[in-house]
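Pasting in a structure now, in structure tokens, and then I'll have a few things to ask.
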Amino acid sequence: MHNTNNTMRGYGKSALTTLVMVIGTSAMLAACSTVKPPPKQYSQETLPEAIRVPAGHEVVLETTAVGVLNYECKANAANAGAIGWMLASPKADLLDRNGKTVVSYSGPPATWTHMDGSSVVGTQVAIAPVVGSNNLPLQLAKAAPGAVAGAMKNVSFIQRVKTKGGQEFTKACSQADLGDKLTLPYQADYIFWKAL
């Protein structure tokens, strides 16, 4: 009788241990399934051809910008003196895919400065309109890196994609409004590329 009780207790402990291990393993697997995979590099295939980066380049940094665009009502010499809202200066913080601020954006000229002190100046190559009249166009810019070594040293192109806002021109801009200022919020992804 004594042996039977010990055997039953042994089976009970073994079954309990197995049950705890199964429940623990299931809980760990469920927790792991909620962890998001690392982000993928931005696909060129989904972008308009005009703003695609040429072959032979790879992504260095993917960021999301949150900032403002400061406009001034003035005559545009490049457009036969037509009066309209002209971009005076951008100001934005760029966050990496982990949500950490890594770059600041300012201008003119359009300048991206990394937290490590390296920087790059961009010159527009092409733009592509986006659906929604209040969204900035998508953009491809050729990069000219600054002298300081760091994350921006070898950047060759900058793409502005996934734009939201930045062109809500609800305030009048005519001859009578020349010199007026307007500040608009915007968001965009800036993708930095370098040659392979």
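The values are calculated or read from the model by the stated rules, or taken from the named source; none is laboratory data. Please read these numbers as outputs of a predicted model, since none were measured by experiment. So basically every Cβ, Gly included, is an ideal-geometry build from the backbone, and we count neighbours across all protein chains shown.
Just give me the residues in the stretch 51-74 being exposed (fewer than 14 other Cβ atoms within 10 Å of the Cβ) and among the aliphatic types (A, V, I, L, M), in sequence order.
Ala55, the sole residue that qualifies.
Moving to a separate point now. Modelled with pLDDT of 50 or more, touching a Phe, Trp or Tyr at 6+ places or on another chain (Cβ under 8 Å) and more than 30 Å from Gln175 (Cβ to Cβ), is that true of Leu94? Show your work before the answer.
Details: modelled with pLDDT of 50 or more: yes; touching a Phe, Trp or Tyr at 6+ places or on another chain (Cβ under 8 Å): yes; more than 30 Å from Gln175 (Cβ to Cβ): yes.
Spelling it out, Leu94 is indeed modelled with pLDDT of 50 or more, touching a Phe, Trp or Tyr at 6+ places or on another chain (Cβ under 8 Å) and more than 30 Å from Gln175 (Cβ to Cβ).
Looking at the stretch 166-179, can you tell me whether even one residue there is in the same structural domain as Glu72 (by TED's automatic domain parsing) and modelled with pLDDT of 95 or more?
Taking the stretch 166-179 as the starting set, the residues that turn out to be in the same structural domain as Glu72 (by TED's automatic domain parsing) are 166-179.
From the residues that got through so far, the ones that are modelled with pLDDT of 95 or more too are none.
The answer is no, given that none of the residues of the stretch 166-179 is in the same structural domain as Glu72 (by TED's automatic domain parsing) and modelled with pLDDT of 95 or more.
Might you check whether a residue that is assigned by TED's automatic domain parsing to the domain that holds Asp189, closer than 19 Å to Ala88 by Cα and without any contact (Cβ under 8 Å) to a residue 60 or more places away in the chain occurs anywhere in the stretch 143-155? Before the answer, list the steps.
The first filter runs over the stretch 143-155 and keeps only residues assigned by TED's automatic domain parsing to the domain that holds Asp189, leaving 143-155.
Add one more test, that the residue is closer than 19 Å to Ala88 by Cα, and what stays is none.
So far as the stretch 143-155 goes, no, none of its residues is assigned by TED's automatic domain parsing to the domain that holds Asp189, closer than 19 Å to Ala88 by Cα and without any contact (Cβ under 8 Å) to a residue 60 or more places away in the chain.
OK, next. Just the residues that are in a loop (DSSP other than H, G, I, E, B) and at pLDDT below 85, please, taken from the stretch 47-91.
Here is the first cut: in the stretch 47-91, the residues in a loop (DSSP other than H, G, I, E, B) are 47-48, 52-56, 80-81.
Of everything in the stretch 47-91, those that are in a loop (DSSP other than H, G, I, E, B) and at pLDDT below 85 turn out to be Ala80, Gly81.
Considering only residues that are under 30 Å from Pro145 (Cβ atoms), of a type in the set (A, V, I, L, M, F, W, C) and not in a loop (DSSP other than H, G, I, E, B), which ones fall in the stretch 164-196? Break it down into steps so the answer makes sense when it comes.
Just the residues of the stretch 164-196 that are under 30 Å from Pro145 (Cβ atoms), to begin with: 164-167, 183-196.
Filter once more, so that each one left must be of a type in the set (A, V, I, L, M, F, W, C): 184, 188, 191-193, 195-196.
Listed by number, the residues that qualify are Leu184, Ala188, Ile191, Phe192, Trp193, Ala195.
Hey, can you tell me all the residues within the stretch 94-145 that are among the polar types (S, T, N, Q) and either in a strand (DSSP E or B) or closer than 19 Å to Glu49 by Cβ (or both)?
Looking only at the stretch 94-145, we keep the residues that are among the polar types (S, T, N, Q), and these are 98, 101, 104, 106, 111, 113, 118-119, 123-124, 133-135, 139.
Correct list: Thr101, Ser104, Ser106, Thr111, Thr113, Ser119, Thr123, Gln124, Asn135, Gln139.
Checking Asn135 against (1) polar (S, T, N, Q); (2) modelled with pLDDT of 95 or more; (3) buried (at least 18 other Cβ atoms within 10 Å of the Cβ), only one condition comes out false. Which one?
It fails just one condition, (2).
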